[in-house]
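**Student:** Quick one: the structure is below, questions incoming.
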Amino acid sequence: MARGGAMEWGMARGPRGGRLRVVVSVGILVALAGCSGASDDSDKESPEEAATARKSPATASRSPSPSPSPTPSADSIAQACGDTQFDADDVLPWDPEAPAYTGGGTHSVTLFKGGPDFDESGTESDAEADDEPKLPDKWASSSDPELIVCEFLAKESVGAQLITCEYEELGGDGSVSTRVPVYSAGYSYRVLEAKTGRLVDTFNLSGSVSGWDSCPVEQSDIASSEAAYQHVSSRDLTKRLRSLVEGPTGD
């Protein structure tokens with residue numbers, strides 16, 4: 001007993017002090033137990049913390065969702081327009097960033113001529129060329145067109161020779177250096193949404209301008225042409241496309 005100083009103090013108080021001693025001792029034990037309990041509880045996880053801990057590894061190991069692959073786009077007019085016989089699997093969108101063909105008009109449009117012999121590397125429209133058909137300026141796209149129109153010569157429609165275009169060599173003696181025959185012909189047209197490559201419409205038109213107005217006018221075309229074909233008039237093509245370009249899409 002002599003080793004506990006507090007106990008010696010309690011013994012000196014006599015029996016009454018003994019009761020006090022017990023009370024004090026119990027109080028100390030309770031206090032100590034309380035402290036001990038608080039210390040033990042601090043090392044334990046609450047249910048909420050345990051749940052969080054169980055979730056944390058999965059959350060930490062979850063990889064971010066991969067970004068969607070960009071939509072492939074056509075590298076040439078040939079890829080955007082396709083071949084004479086349309087196959088959706090052979091066509092790529094002209095421009096996936098173009099505005100969708102939806103709502104009311106006027107819908108911007110670009111014309112591609114020269115099919116089915118489109119230049120595999122060509123990406124420029126020849127709609128501004130002098131030869132017909134041409135589309136109204138107000139239909140032209142200031143940025144990206146909603147629609148592309150692809151013109152294909154229907155080779156099975158080629159008919160009789162209309163005229164022969166004759167050309168003199170510049171700086172020459174005035175004699176004819178090149179002759180290009182012009183034949184009657186018809187064309188098929190394919191209208192596609194530039195953003196998706198979706199087929200919007202197809203139709204056929206017959207050549208309607210004069211033979212002389214169908215003669216090649218570009219020097220490169222003259223030099224490479226073995227034959228020329230009667231063109232569709234701008235008026236006929238514009239009339240056929242008007243409802244698609246200036247009207248609502250119906251979606």
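**Student:** Under 8 Å between Cβ atoms, at least 6 apart or on separate chains: pull out the pairs that start in region 163-187 with a residue that is in the same structural domain as A227 (by TED's automatic domain parsing) and end on any residue that is among the acidic types (D, E) and assigned to a strand (DSSP E or B).
**Tutor:** G174/E168; S175/E168; V176/E166; V176/E168; S177/E168; T178/E166; R179/E166; Y187/E151
**Student:** Mind listing whichever residues of region 191-218 are surrounded by fewer than 20 Cβ atoms within 10 Å (Cβ to Cβ) and out of contact with any strand residue (DSSP E or B) (no Cβ under 9 Å at 6 or more places or on another chain)?
**Tutor:** Matches in region 191-218: T196, S208, V209, D213, V217, E218.
**Student:** Residues of region 113-140 being at pLDDT 75 or above, within 21 Å of R198 (Cβ to Cβ) and in a loop (DSSP other than H, G, I, E, B), which ones?
**Tutor:** The answer is P116, F118, L135.
**Student:** Here's a follow-up. Given the criterion surrounded by fewer than 15 Cβ atoms within 10 Å (Cβ to Cβ), in a strand (DSSP E or B), modelled with pLDDT of 85 or more and not basic (K, R), identify the matching residue among T102, T164, T110. It would help to see each step written out before you state the result.
**Tutor:** On the way: T102 fails: in a strand (DSSP E or B); T110 fails: surrounded by fewer than 15 Cβ atoms within 10 Å (Cβ to Cβ).
Going through T102, T164, T110 in turn, just one is surrounded by fewer than 15 Cβ atoms within 10 Å (Cβ to Cβ), in a strand (DSSP E or B), modelled with pLDDT of 85 or more and not basic (K, R): T164.
**Student:** Do the conditions hold for A154, that is, is it out of contact with any helix residue (DSSP H, G or I) (no Cβ under 9 Å at 6 or more places or on another chain), modelled with pLDDT of 90 or more and under 21 Å from I77 (Cα atoms)? Walk me through it before giving the result.
**Tutor:** Working: out of contact with any helix residue (DSSP H, G or I) (no Cβ under 9 Å at 6 or more places or on another chain): yes; modelled with pLDDT of 90 or more: yes; under 21 Å from I77 (Cα atoms): yes.
Yes; evaluated as a whole, the condition is true for this residue.
**Student:** Say whether the condition of being among the aromatic types (F, W, Y), more than 26 Å from G103 (Cα to Cα) and assigned by TED's automatic domain parsing to the domain that holds D87 is met by at least one residue in region 190-206. Don't jump to the end; show me each part of the working.
**Tutor:** Step one: filter region 190-206 for residues among the aromatic types (F, W, Y), giving 203.
Narrowing the set further to residues that are more than 26 Å from G103 (Cα to Cα) leaves none.
Checked against the condition, which is being among the aromatic types (F, W, Y), more than 26 Å from G103 (Cα to Cα) and assigned by TED's automatic domain parsing to the domain that holds D87, region 190-206 yields no hits at all.
**Student:** Here is a further query. In the list T196, T238, T202, which residue meets the criterion of being β-branched (V, I, T) and either more than 30 Å from the chain's Cα centre (by Cα) or assigned to a loop (DSSP other than H, G, I, E, B) (or both)?
**Tutor:** On the way: T238 fails: either more than 30 Å from the chain's Cα centre (by Cα) or assigned to a loop (DSSP other than H, G, I, E, B) (or both); T202 fails: either more than 30 Å from the chain's Cα centre (by Cα) or assigned to a loop (DSSP other than H, G, I, E, B) (or both).
Going through T196, T238, T202 in turn, just one is β-branched (V, I, T) and either more than 30 Å from the chain's Cα centre (by Cα) or assigned to a loop (DSSP other than H, G, I, E, B) (or both): T196.
The values are calculated or read from the model by the stated rules, or taken from the named source; none is laboratory data. Owing to the predicted nature of the structure, the values given are computational and were not obtained by experimental measurement. Cβ coordinates were reconstructed from backbone atoms using ideal geometry, including for glycine residues, and neighbour counts include every protein chain displayed.
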